[in-house]
Every structure is written in C-alpha cells, then in structure tokens.
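Have a look at the structure below, then the notes.
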Amino acid sequence: MKHALSPAVLALATLSFLALASGTARADQTVYHAADAPEATPVVYIGNIKPAMDQGTWLHGIFNQFEGRYAPGGTDFRWDGEAWFGGDYNKIWLKSEGTLEKGRMSDGDHELLYTRSISSYWNLQGGVRMDLDDGPTRTWGAFGIQGLALYEFEFEATAYVSDRGRFATRVEGSYDFLLTNRLILQPQAEFNFYTKSDVGRQAGAGLSDVDAGLRLRYELWRKFAPYIAVTYSGYLTQARRIARDQHDDTGSVRFSLGVRSWF
Amino acid sequence: MGIQGLILSHFRGFLLMTFPSRFRGGVTRRRFVTGIGAGSLLAALPRTSHALSSTAVPLRASSGIIPPHPSDRWDMKVGHTRISLDGKTMHAPTVGSTVPGPILRFRQGDTVSINVTNTLDEPTSIHWHGIRTPANMDGVPGLSFGGIAPGETFTYRFKLHQSGTYWYHSHSGMQEAMGLYGAMVIDPRHPDPNACDRDYVIFLAEWTDVMPHDIISNLKMQDDYYVFRQRTAASFPKEAREAGSAGAALADRLAWSKMRMAATDIADVSGAIYTYTLNGHAPDMNWSGLFRPGEKVRLRFINGSTMTFFDVQIPGLEMLVVQADGNDIEPVPVDEFRIGVAETYDVIVQPKDDRAYAIFAQSEDRTGYASGTLAPHESMIAPIPPMDPRPARTMVDMGMGNMKPGESMKDMDMSADMSGMKMNGDMAGMDMHGMDMSHMAMPKMEVNDPGPPPINVENQMRAMMPIDRTGSPGDGLENNGRRVLNYRQLRATRPGADLRPPTREIILHLTGNMERYIWGMNGRKFSESGPIRLKLGERVRFTLINDTMMEHPIHLHGLWSELENGQGDYRPYKHTVISQPGSKLSYLVTADTPGMWAYHCHLLYHMDLGMFRTVIVT
C-alpha cells in the first residue's frame, strides 16, 4: 500500500522521470485514498433528510414447491418455501418444508435463521431448526451457507447439531434452464445426511434421504408459475432399511403438479 | 367507456389523436391523460399579463409548444392527479395536473422567482436540472433545504446565468419516477444562433402503473424481473448462427453464466411495464408537431425518464445537433443519437417535403419506443420504422478492453487480486487526457485514487482494462449504417470559462451488484460513504471508471462537468455525463459555488440504492 515498497518507489521515480523527459511536467502524487471515504463524523443533512434511501428493508416469500405428487395408492402434498425480511446485509430467514401423506405429516423441517451477506453471491445463515410434524420433534442448531454458485447454480448447505448431540447436514441445489423466457426447466435436489440413525424419524446414519424433482414451469407472470414435474422422494442406505422395517414406502418416482409463487 | 369516451371525442381533434391498432391492444387499450386541459392552463402560468394575453398559440400541456414569452415569475402547483395512459392508471404527483408538467420559459440574465405550492400530503421539492443556482435553491431535500411541506409554498429565487434547454423534476422520494417533471427553456440574452421557424420541446419519458417501491422490491428479489429477452434454448440457434458455430455460442453462454451475469442485461426496467412517452403521449396517441415544408424546426430533446436510454432517429431527415445539456455546440449532422437519462440535445431539422416524418425513440433494450410525428398537416401519421436488433453486452462492457469475444473469458477471474492494479493507478495519472499545451506548466497534482474496487457484497466485478469509449455512440449503435452521435463530436462554440489545469484528480469507480441490486461507487453505497470535499475555487478532474456492465448517466448538481473529449479548451459543458460500461472518462469541474451538492447516477433506482454521493464545496 505505502510507497515504502521499493518497487513502487522505483516505478514512481521512473514514471516521474519519463513524465519530465517527455516534457509534460506532471509529477504525480498519487494518494491511494478514496475521495468519498467514510468520515468519522457523518454529514449533517438539513432536517435529517437522507438524499438516497439505500438502507431499506424488504419482505419476500416464495413457495418453490407447492405440489401434489400423484400415486395410485394416494396422493401426497409437498411444500418447500422460504421467506425473508431485512436489508442488504442482515435478514431474518424462515424456511419450511414438509410432506402430507394420507393425512399424516412427515419431513417437517422448519428453520428460523439469521442471514448475513458475506460476498457478492453468498450468505451465511445461522439459527434453529425444528423437525415438527407427526413424528417425534427434534431441535437443532443450524449453520450454513447459501447463495449463487458459478454458472448461476442455486446452492445451499447447512450443518446441524441436535439437542442430543447428533450432527446432520443438508445440501440442496437447483438450476434454471430457460427453454423460453417464460418456460423454465428446473432440476432440483435435496440430500440429508445424519451421523446417527433416528428410527423414530426414519433417519439413517450416512446419506439418509433424497428429495428431487425435475419441474417444468410456465411463468404466467413472474410471481405465479404453474408447473408439471417428475419428483423422487426416497430413503437410502440405512434409512432405507429402517423404512422397510416399518413397512413404509422406501422411495418412489411420481408425477406431480404444482405452483411456484412468490411475493 | 362512458365518460372516457366523451373525453376522448372532445379532445380528439384538439390533440390530433389517431387510433392505429399497431400498438399492442389498439383502441381498447388506449386512454387519455385526463388531467389535460383547463386545469393545466391555470396551474402554471407566468404572472406577467402579456403572457396571458397572447393567445396566438394556445398553451397546451404536453403539446411540446413553448410558451410565447419568457417570464421571470411562475406559480407551480404540485398535486395528485389520476392519470391513465395506455391502460395504466396512476394517482401521480404532478405539476399543474399534467405529465409532463408545463414548460417554463425564462430569459437569461433575469432573476426569476418561482412559487411552488405543495398540495400533496407528503413533502415535495423541485430541482432545476442543470441550472447553476446557489446551493439553497437547488431543490434537493437534505442538501439544499428541508423540502416543501404539505400545504406550504416555497419561493425559489435565483439569477439565470445560462440559456438553453433544461428540465425540472422532484427530488423527493420517487415522485419523479411517477410523473413530477417538466421542461424549462431559457432564451439567450443575445440573439439565438439557433433560432428556427418552429421550436418544440420533445420530452421523452416512461409511464407505468407499477409503484416505484414495488419495482425496486421486485428487482431486489429477482434482478432480471423485467427482462423477457434473455438467452434461452429457443434463442440458441440464432446465437449459434451469429457466433459462427454452436460451440462458440455455447462457450460464450457458459462464460457469462460462470460470471453469474447476463449479456442480455441492457435495462433493469423494460417495456414489460413501461409505455414510452413523447410529450406525455403514448405512441398510438401520435403527438404531432407542425411545420411548413422548407421551414427550420428546432427540437429540444429531453430525456426525463426514470431508467431508459433512448436512441432517437427521424427517418428521412438529417438532424443537426446544435446544443448538448443546454450549451451550444458546433453543429454536428447525424442520423441518430443516444440520449441518456437526464441529458438534453437540441437538434435542427429542415423537412423539405410535404409529408409526415416520424420522431422515433427506441429504448436501448428495444422493448418499446416513444414516437411522434412532424407533419405539415394535422392528423398525419408517418410510418414507424421497425425496431433495431437489441444490443448484447460484450467483453468491452465487462471492462476487458478490446479483446475479441471468447479470447479472454476463460482467464478471467472476478475475484482475482490484481496486484498489478496499483501500477495501473499510477498510470492513470499519466493519462494524456485533454493534453493541450496549457497543461505544460502544470503544478503538482494530487490524485485521489481509491485503487481497484473490492469484490464484495456490493460489487461483483472490476473493469480490468477500462477503455476510452467517448468515440463510441454506445452499445448497439456501432456500425449500424447510420451516422450516430458520439461524445467526441461535442465541441463547444466558445472556449471554457476556466482554462486552469486541474490541481487534483478524483478517481471514482462506478460499482454495483446486479444480483443483490445494490449500486454505489468504489464498492460502497451512499450510506457507507463520506462526502466528496472540494475547496472553493478548486479545479478538479473527475475520472470515472465504470466497473459495471451498464451505462450510468452521472449528474453533478450545481457545477458544470466539462467533458474531456479531446476538444481541448472547447470541451463541452455538461450536467449529465454517460459513463459507458467498461469505460474510463474524465471531466473537469470548477468548484465555484459553495454548498452541499448531490452527485449521482440519474437512473433513479441506481441513485436510490446507493449510487449517490454528497459533494461539499467549502
């Protein structure tokens, strides 16, 4: 930064010499200082009126999934949504997902997170997760990262630690392929990992379950897009055995219909 | 349609309206500015009697017709008016019940007083764009004064040192985005070298029924919310043809998506919600200006829009550009020019034929156009040309200089720490901008160089090799087969008033994060930055490096921006300077008026979301 660095001094000296030699007597005194650097004492505006309102807060919510998943034996209903309130750096973030099958709710995962913007495209998130459905209730501390990866790939990864000392991880990603400006194909997948099995919640150690979909939506308008989809929801490895032992569905591909909407 | 129909038929002949169905929904979609008419006649009148007595040319709001006489006293009433245009209804803040507000005409050298009465239920203000006033008359709440409270009347009083075409608008909240704006014409004290047989104001703007707050909110959630011209699977064959091969088109796409940016990012807000207007008329309302063949017609173009750059042509007519931002320039004959938000250009045309000519102003993103007609008789319509292909951003816009597409993108790492950049900073000082011999005995110059902007929450890229683009008419206009105006062609008709070389250079990077929709300078938004302090009488060079991939029309209040475009002492005086994406340009400023001044991007949503600084002259 400082001119104490000898290469910089040398460069400056050379430049100055060149400037003098070429007849444009212009000895530069470059100061690496922004003319608009923050000052210790803020400017006092007349009537305390700020001339630009760049510290606004905004409220948005979205249902990425709000869908019926058809099967001959009975149709499941699935939602996955989130909402946030806040400004450019600090937000309160709410996530909720769950599945209703035959009147019974499963995979209920609800999170309340503080979200901090840390770079152009990434946010850190920390808070609590509640597994709240018709199974046993679990409480977790949550910490994760969420944002837009290279190639505009939406990505989030969250690590959890439960009140019983267990660990879990959830990784989710999606991508929007624009077939036209309104017809959009979105592959999406969510993976859950646990360090220990939890038979009551049909969670197995290791990679436990997957929920994925290939959704084709049509944006009637930006905030309202009906879609058709092929979805897969299933248990893997140890969790698969647990589900089978409980005579439950271990995984199925289903045709789904839904609406993506936001405000 | 009952009352509306009555209004329509009543004003039909009066306003030369016609009903072509070419514009989207056609007849059923078009409505009319309800506020127009008698109310507007009373709302903003010069208080001298001679102006009232002259009825040869009726004062019609939005007519583009300049009042017959200047006045040094005006009364303006700011209020709400319910306005429908192109099926979009808004309870808009207006001056004199019309959008645009009335044209004010002044005379150079007069000390004018303007009474602005606020009948809104919120504070308002009027800023005189490009007018050099004392700081307390500049009309920016917080900087100039406390605003005009509801029910209050504020009297602006200042001496007009300048002449030419200017405009006024609110600087409170987002009132300007909703319709609080209008034109100003100042007669020169000496005979006008550009006097013409006919003289019209052509005020370009947009109209929408979406509230500004909602637009910003939507952009915060999804930055391409209003862009329906993105690259898709459906558009791929066309891109492959243009790129030469599918592989090249795919590589280009991957490069853009790797950067998490879009080559189709031309305008943040588009014709998806905007109806583009000319003197408050939607295209199908066919604003008309009359001429007799052979007459010289002066058209005073003002871009009073919120977010839209316009590319203006009058097919079949050569336009002689004679004034830029209110200041006379050596005439430049062109077929087309781009006008950035808040800029003004005066052009002279001389239609020889007994036929109608279209004034055709395409939005830069080609999602719509404003249009009107110059015609020898009323009710004539000129054919509207097809819109040009929309521009796509390239490596030049990314600040990669003149590299060929595809040549460089693989090596580009947005987060790379450019250790060599400091050196570039030093080199910047060596730039031979406006290098005339008067600069020979230049004293030591201080350079405020912030260095390359950080890549952070508020900034997503750096222009690694910003280039001088003053010779370019702008994206989408290069090599289009027409003569298109560029900044280098602007040459003042007289040398500058202050020929001192600058003693300080202030380098500013224009930055932003499209994804989060945050804008700023040097990687910071307004609320995180200090003021730019200038010493009274100081001569300063402002150098703008555009690290974003959009144009930014940068407006400095109260002081002239003398564009260093290679014209030496005849550099043009501007109040609003377009910084093209990936470019570096500079202008000189004499800080001769003390006070707090606004300095900002005139794309209003960029301004409000942080591309704003306070300049303090003491």
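At-a-glance table
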{"quantity": "Subset tally (residues that are at the interface with chain A (Cβ under 10 Å from one of its Cβ atoms), within 21 Å of the chain's Cα centre (by Cα) and outside any helix (DSSP H, G or I)) for the stretch B:205-227", "calculated": "2"}
{"quantity": "Test: residue in the stretch A:92-113 that is within 13 Å of the chain's Cα centre (by Cα), closer than 25 Å to A:Val259 by Cβ and within 14 Å of another protein chain (Cβ to nearest Cβ)", "calculated": "yes"}
{"quantity": "Matching entry among A:Leu148, A:Leu132 (being touching a residue at least 24 places away in the same chain (Cβ under 8 Å), within 13 Å of chain B (Cβ to nearest Cβ) and not β-branched (Val, Ile, Thr))", "calculated": "A:Leu148"}
{"quantity": "Selection within the stretch B:110-142 - farther than 24 Å from B:Gly326 by Cα, within 14 Å of another protein chain (Cβ to nearest Cβ) and not hydroxyl-bearing (Ser, Thr, Tyr)", "calculated": "B:Glu122, B:Pro123, B:Pro141, B:Gly142"}
{"quantity": "B:Met607 vs. criteria at the interface with chain A (Cβ under 8 Å from one of its Cβ atoms), within 25 Å of B:Thr394 (Cα to Cα) and crowded, with 22+ Cβ neighbours inside 10 Å", "calculated": "yes"}
{"quantity": "Within the stretch A:25-104, strands (runs of 3 or more DSSP E) holding 2 or more residues that are over 30 Å from B:Glu458 (Cβ atoms)", "calculated": "A:58-70, A:76-86, A:90-101"}
{"quantity": "Some residue of the stretch B:362-383 being in contact with a helix residue (DSSP H, G or I) (Cβ under 8 Å, 6 or more places away or on another chain), surrounded by fewer than 21 Cβ atoms within 10 Å (Cβ to Cβ) and either within 12 Å of another protein chain (Cβ to nearest Cβ) or at pLDDT 65 or above (or both)", "calculated": "no"}
{"quantity": "Failed criterion for B:Arg300 (all others in (1) assigned to a strand (DSSP E or B); (2) surrounded by fewer than 24 Cβ atoms within 10 Å (Cβ to Cβ) hold)", "calculated": "(2)"}
{"quantity": "Selection status of A:Arg201, at pLDDT below 95, more than 23 Å from the chain's Cα centre (by Cα) and more than 23 Å from A:Ser96 (Cβ to Cβ)", "calculated": "no"}
{"quantity": "Exclusive hit being out of contact with any Ser or Thr (no Cβ under 6 Å at 6 or more places or on another chain), free of Cβ contacts under 8 Å to residues at least 40 places away in the same chain and among the polar types (S, T, N, Q), set A:Thr180, A:Thr250", "calculated": "A:Thr250"}
{"quantity": "Some residue of the stretch B:531-548 being outside the structural domain of B:Ile302 (by TED's automatic domain parsing), over 18 Å from B:Asn448 (Cα atoms), surrounded by 24 or more Cβ atoms within 10 Å (Cβ to Cβ) and touching a residue at least 40 places away in the same chain (Cβ under 8 Å)", "calculated": "yes"}
{"quantity": "Members of the stretch B:123-135 found to be free of Cβ contacts under 8 Å to residues at least 60 places away in the same chain, within 24 Å of B:Asp110 (Cα to Cα) and either surrounded by fewer than 23 Cβ atoms within 10 Å (Cβ to Cβ) or not β-branched (Val, Ile, Thr) (or both), listed by number", "calculated": "B:Ser125, B:Trp128"}
{"quantity": "Top-ranked residue of the stretch B:228-255 - restricted to ones that are in contact (Cβ under 8 Å) with a residue 60 or more places away in the chain and under 17 Å from B:Asp475 (Cβ atoms), ranked as nearest to the other protein chains (Cβ to nearest Cβ)", "calculated": "B:Arg229"}
{"quantity": "Hey, A:Phe77 more than 11 Å from chain B (Cβ to nearest Cβ), of a type in the set (A, V, I, L, M, F, W, C) and within 19 Å of the chain's Cα centre (by Cα) or not", "calculated": "no"}
{"quantity": "Filter result (of a type in the set (S, T, N, Q) and within 7 Å of chain A (Cβ to nearest Cβ)) within the stretch B:493-543", "calculated": "B:Asn513, B:Asn522, B:Ser527, B:Ser529"}
{"quantity": "Selection from the stretch B:572-604 of residues that are within 13 Å of chain A (Cβ to nearest Cβ) and either of a type in the set (A, V, I, L, M) or free of Cβ contacts under 8 Å to residues at least 40 places away in the same chain (or both)", "calculated": "B:Val589, B:Ala591, B:Met596, B:Ala598, B:Leu603, B:Leu604"}
{"quantity": "Test for B:Ala342: is it in contact with a Ser or Thr (Cβ under 6 Å, 6 or more places away or on another chain) and surrounded by fewer than 21 Cβ atoms within 10 Å (Cβ to Cβ)", "calculated": "no"}
{"quantity": "Enumerated strands (runs of 3 or more DSSP E) restricted to the stretch A:162-263, each holding at least 2 residues that are within 14 Å of chain B (Cβ to nearest Cβ)", "calculated": "A:183-194, A:206-218, A:224-235, A:251-262"}
{"quantity": "Any hit, the stretch B:586-600, residues being touching a Pro at 6+ places or on another chain (Cβ under 6 Å), within 23 Å of B:Met445 (Cα to Cα), surrounded by fewer than 23 Cβ atoms within 10 Å (Cβ to Cβ) and at pLDDT 95 or above", "calculated": "no"}
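The values are calculated or read from the model by the stated rules, or taken from the named source; none is laboratory data. It should be emphasised that the depicted structure is a prediction, and the values quoted were computed from it without experimental measurement. Neighbour counts are summed over all protein chains in view; Cβ atoms, including those assigned to glycine, are modelled from backbone coordinates with ideal geometry.
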